[in-house]
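No value in this document is a laboratory result; all are computed from the given coordinates. None of the values given here were measured: they were computed from a predicted structure. Virtual Cβ from ideal backbone geometry, glycine too; neighbours counted across all protein chains shown.
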């Protein structure tokens, strides 16, 4: 970026824009609910919508570091954590609707559903991996955990493929959307492999790839 473009970029309230982008889908769901526009099965529709938005936000968070490294978009790092937390919030809402509203918090029914449906196992595993990351995402936890913080947050790289697998098993019929997500996540994860970093990183682009992943 030129110095002018960099200065203009710094003045943009990126975190506020990220928050607005994350809030819009929830607002649309609320409006659709009030207008009875959530199809004939509103619970299933809300479950699907919250899951999709959560996945989109998590993929966007995963993309921030490569965008900084390959294109020099350092401003993406300012809202990377926010996107991850918003994504987790939607995933938590997705799970709450499924467990509380759809299954009525019937523990026996929930246990049977988890054991009988592989997509629920994959989704639950992804959520459980994301939970400690959301809890320890603050500066305070980063200081407490020290070097272990970075290792813990690499669980994100396991949670993302599980989330995509959950989506693929859930959709069943049209696999094109989950396959698109799978390709995107695979590319973003490959950009964290040292050999790929050397190929597309600083030597070719003149960009520092040492930012935290």
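Worth a mention:
- Listed values (i) 0.96; (ii) 1.10; (iii) 1.00, entry calculated as Rg/Rh (Cα atoms, Kirkwood Rh): (iii)
- Highest average first, the peptides 78-84, 175-181 ordered by how many other beta carbon atoms sit within 10 Å of their residues are 78-84, 175-181.
- Between 0 and 90°, nearest 10: helix 107-116 axis offset from the chain longest Cα axis: 70 degrees
- Value of [θ]222 nm, deg cm²/dmol, for the chain, DSSP H segments ≥ 4, -39500 (n - 2.57) each, nearest 500: -24000 deg cm²/dmol
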